[in-house]
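One structure is given below, encoded as structure tokens.
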Amino acid sequence: MAKSVQPSESEKSLFLAVVILTVIAGITAFAAAWICDYVLSVFGNSQAMALIIVDGGKQMKSDDATLEKQLTTATLALQTVRDLGWALAVGCVGVAIAVALRFRRR
């Protein structure tokens, strides 16, 4: 009869970390694609260039209040995508180090 090998607690934890990071990476990729699509649609507006950028790019002034709001939201969306990317990168590096250490100990 063949013996079944039970994974250790650290292997279970490592597997769980990889699964969670993969799910988060998928959600983040979907969110980044959605946010970038929104930003591109706002920047594709024909009136998008008819505005004044003031205060070092932190504020935008336009004669169209809707356009002003959309571009401000687009700027915040790009900052969010940047932050999500950094967070995902740090998480991936952490899991990569954990996996490398696990294989090194074997």
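The values are calculated or read from the model by the stated rules, or taken from the named source; none is laboratory data. Treat the numbers as computed from the prediction; the structure is a model and nothing was measured. Every residue, glycine among them, receives a Cβ derived from its backbone with ideal geometry; neighbour counts consider all protein chains shown.
Here are the numbers for the structure shown:
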| quantity | calculated |
| --- | --- |
| Index of the failed condition, residue 8 passing every other in (1) surrounded by 10 or more Cβ atoms within 10 Å (Cβ to Cβ); (2) of a type outside the set (Asp, Glu); (3) closer than 30 Å to residue 102 by Cβ; (4) at pLDDT 80 or above | (1) |
| From the options 87, 77, 98, residue that is out of contact with any Pro (no Cβ under 8 Å at 6 or more places or on another chain), more than 18 Å from residue 34 (Cβ to Cβ), surrounded by 12 or more Cβ atoms within 10 Å (Cβ to Cβ) and of a type in the set (Gly, Ala, Ser) | 98 |
